1. Working only within segment 30-46, note down all residues that are acidic (D, E) and open to solvent by less than 100 Å² (accessible area, probe 1.4 Å).
2. Filter segment 84-109 down to the residues that are in contact with a Pro (Cβ under 9 Å, 6 or more places away or on another chain) and buried (at least 17 other Cβ atoms within 10 Å of the Cβ) and list them by number.
3. Being within 19 Å of T60 (Cβ to Cβ), open to solvent by less than 50 Å² (accessible area, probe 1.4 Å) and assigned to a helix (DSSP H, G or I) is the filter here, so list the residues in segment 1-29 that pass it.
4. Please specify each residue of segment 71-83 satisfying the condition of being in contact (Cβ under 8 Å) with a residue 40 or more places away in the chain and open to solvent by less than 10 Å² (accessible area, probe 1.4 Å).
5. Which members of segment 49-69 meet the condition of being open to solvent by less than 20 Å² (accessible area, probe 1.4 Å) and either within 30 Å of G114 (Cα to Cα) or not aliphatic (A, V, I, L, M) (or both)?
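The values are calculated or read from the model by the stated rules, or taken from the named source; none is laboratory data. Here the structure is a predicted model, which is why all the values come from computation and not from measurement. Cβ: placed from backbone, ideal geometry, glycine included. Neighbour counts: every protein chain shown. In case anyone asks, the SASA skips ligands and DNA or RNA and just uses the protein heavy atoms, side chains included. Shrake-Rupley method; radii C 1.70, N 1.55, O 1.52, S 1.80 Å.
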Amino acid sequence: NIHFLCLDAKSLTEIFSPGEVKRIYLNFSDPWPKDRHAKRRLTSPEFMKIYGQILAKDGTLEFKTDNQGLFAYSLLSIPESGWKIAAYTKDLHHSPMAEGNVMTEYETKFSSLGNPICKLIASR
């Protein structure tokens, strides 16, 4: 089953039980580019802790963005949060990770503008 939620990610632990979620997709979230807003980034340590509470032991988080700054931040913040990055690419559409990729509306838009799409897969 798949669920789409339109809510503050800080409340995920109120909706899902520990270990209930098999996979989390973060697709083209707001990059919050100012340093003072880093805690609002969905790959910040605060949010990674929340995901860790609801994710199954063998669960994964998949993150896609066209924002190079947010991706660079995420490559550092995710391991600092105690997670392992299993795979990543800074150019998804020219990578083996593209196999089975489902393009979102934003991905289609940004790709058509020539922006490379970054993707990573992480686990606890």
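1. D30, E46
2. T89, L92
3. Across segment 1-29, the qualifying residues are A9, L12.
4. F71, S74, I78, listed by residue number.
5. Residues satisfying the conditions are Y51, G52, G59, L61, F63, K64, T65.
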